[in-house]
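Below: the structure, in structure tokens.
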Amino acid sequence: MVPAIIAQVVVPRLANWCAVYTSDHSGPLRLVYLWHADEARIDGLREQLAEMDIDAADTRVTSTIHLPDSQVLAVPLTARGRGLGMMCLGRPDRFPDEVIQFAEDIGRRAALAMDNARLYAQQAAANRALQRSLLPPNEPEVPGLDYGVIYEPAGEANEVGGDFYDLFKAGDDSWRFAIGDVCGTGPEAAAVTGLARHTLRLLAREGYGVAAVLGRLNQAILEEGERARFLTLLHGDITPVPDGLEVRLVSAGHPEALRLRASGKVEAVTTPQSLLGVFHEVMFEADTIHLDPGDVLLAVTDGVTERRSGGRLLDDDGGLAKLLAECAGLSARAVAERIRRGAADFASEPSADDLAIVVLRAR
């Protein structure tokens, strides 16, 4: 986009045409945008430029190149000491000194914009890779369980979200799930997210119960010192039984989990307990619930419950429970999508917070 803007700024103010070349990692220059005041002449000019040895031009200083019907001013695009390419301007007569000065100033500004865009793209790509690494590598098959998950990070592409979820096998006949929200975004939040996910998986496979796992995770977060971030977390253990699913779960400062009965009745099923990363001396206790076939357990982050429209939140007056009550008879994935759509439709503006939804349904 920057080369296109460059060309349309200088044509026809400074030159009849403009060609912008860029290079990657000191490779050969390649033409990325070409513009002419007379659009009918662009194809012919492209052929002329193909015969011009642009790589012979000095990319460190402004120089002049001759074409049969044009004087060509080659202006280097340099930012932060790195050569990014070349801006070539063409006109039939010589370039006055003041035009050369304008062109060099535009070249400096354009190069800085290009370099910023590249740096932003690199950072965004790195953060997308980091975000992917904080989500489950796969989704296991759990006997008797139908589940649906949705994760939507908010904010700019160069931000790593603080919400996460997980679902994994913990033993021969048990599986664990988690949904959490780390305070803030960025690398610091990502570090706590990574710590939480790996700690949950490791301790679960060592045989620790859900309450014991949260106690040890709380201590691990506090040991991070100044880097620590507080964390809300819902962590549960799923065991298939002949008449449905047995679930033991702990809510550490997290929005309450809701159970939807096949009859359409909705009820909260978790006891609020201390969030993680704040208090040293804290004990957690697990709630045990049963899911009959057709029952649904819904867990969300505050990107859903605190979705704001003016002075109202989505979960005011039990708004989330009312949304869930409309989902009786739906599959887990359909329930998750209905909740996501309800949160999106609650306000006209885009959400400023991450959103995670986990739906567990007994078959």
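Among the conditions (1) touching a Ser or Thr at 6+ places or on another chain (Cβ under 6 Å); (2) of a type outside the set (Ser, Thr, Tyr); (3) modelled with pLDDT of 90 or more; (4) outside any helix (DSSP H, G or I), Ala111 misses just one, which is (4). You will find that of Ile106, Ile100, the residue that is of a type in the set (A, V, I, L, M), assigned to a helix (DSSP H, G or I) and in contact (Cβ under 8 Å) with a residue 60 or more places away in the chain is Ile106 and no other.
Scanning segment 169-222 for residues that are part of a loop (DSSP other than H, G, I, E, B) and within 27 Å of Glu306 (Cα to Cα) turns up Cys183, Gly184, Thr185, Gly186. Quick test for you: out of Arg13, Arg80, Arg30, pick the one residue that is within 17 Å of Ile100 (Cα to Cα), open to solvent by 80 Å² or more (accessible area, probe 1.4 Å) and not acidic (Asp, Glu). Checking each option against the conditions leaves just Arg13.
Kindly evaluate Phe95 against the criterion of being within 19 Å of Ala7 (Cα to Cα) and open to solvent by less than 60 Å² (accessible area, probe 1.4 Å). So Phe95 fits the description; yes.
The set of residues in segment 298-315 being closer than 16 Å to Ala344 by Cα and open to solvent by 50 Å² or more (accessible area, probe 1.4 Å) consists of Glu306, Arg308, Gly310, Arg312, Asp315. Residues that are within 17 Å of Pro153 (Cβ to Cβ) and touching a helix residue (DSSP H, G or I) at 6+ places or on another chain (Cβ under 9 Å) were ranked within segment 340-351; the one that is surrounded by the fewest Cβ atoms within 10 Å (Cβ to Cβ) is Pro350. Is one or more of the residues making up segment 2-19 among the basic types (Lys, Arg), in contact with a strand residue (DSSP E or B) (Cβ under 9 Å, 6 or more places away or on another chain) and modelled with pLDDT under 95? No; the residues of segment 2-19 include none that is among the basic types (Lys, Arg), in contact with a strand residue (DSSP E or B) (Cβ under 9 Å, 6 or more places away or on another chain) and modelled with pLDDT under 95. Of the residues making up segment 283-297, none is at pLDDT below 95, in a loop (DSSP other than H, G, I, E, B) and crowded, with 20+ Cβ neighbours inside 10 Å. Annotation note: Cβ proximity below 9 Å between a residue of segment 276-297 that is under 17 Å from Leu233 (Cβ atoms) and a residue that is among the charged types (D, E, K, R) and surrounded by fewer than 16 Cβ atoms within 10 Å (Cβ to Cβ) (sequence gap 6+ or interchain) occurs for Gly277/Glu224. Looking only at segment 259-274, residues that are farther than 15 Å from Ala211 by Cβ, assigned to a loop (DSSP other than H, G, I, E, B) and in contact with a helix residue (DSSP H, G or I) (Cβ under 9 Å, 6 or more places away or on another chain) come to 2 in all. Only one entry in Arg259, Arg312, Arg307, Arg248 is of a type in the set (Lys, Arg) and closer than 23 Å to Ala189 by Cβ, namely Arg307. Working only within segment 304-320, note down all residues that are of a type in the set (D, E, K, R) and either part of a loop (DSSP other than H, G, I, E, B) or closer than 23 Å to Pro153 by Cβ (or both). Answer for segment 304-320, where residues must be of a type in the set (D, E, K, R) and either part of a loop (DSSP other than H, G, I, E, B) or closer than 23 Å to Pro153 by Cβ (or both): Glu306, Arg307, Arg308, Asp315. Of all residues in segment 226-236, at least one satisfies being in contact (Cβ under 8 Å) with a residue 40 or more places away in the chain, touching a Ser or Thr at 6+ places or on another chain (Cβ under 6 Å) and in a strand (DSSP E or B). The condition of being surrounded by 14 or more Cβ atoms within 10 Å (Cβ to Cβ), among the aliphatic types (A, V, I, L, M), more than 15 Å from the chain's Cα centre (by Cα) and at pLDDT below 90 holds for Ile65.
The values are calculated or read from the model by the stated rules, or taken from the named source; none is laboratory data. This is a predicted model, so every value here is computed, not measured. So basically every Cβ, Gly included, is an ideal-geometry build from the backbone, and we count neighbours across all protein chains shown. The protein model used for the area step is the full one, side chains on, heavy atoms only, and it has no ligands, DNA or RNA in it. Shrake-Rupley method; radii C 1.70, N 1.55, O 1.52, S 1.80 Å.
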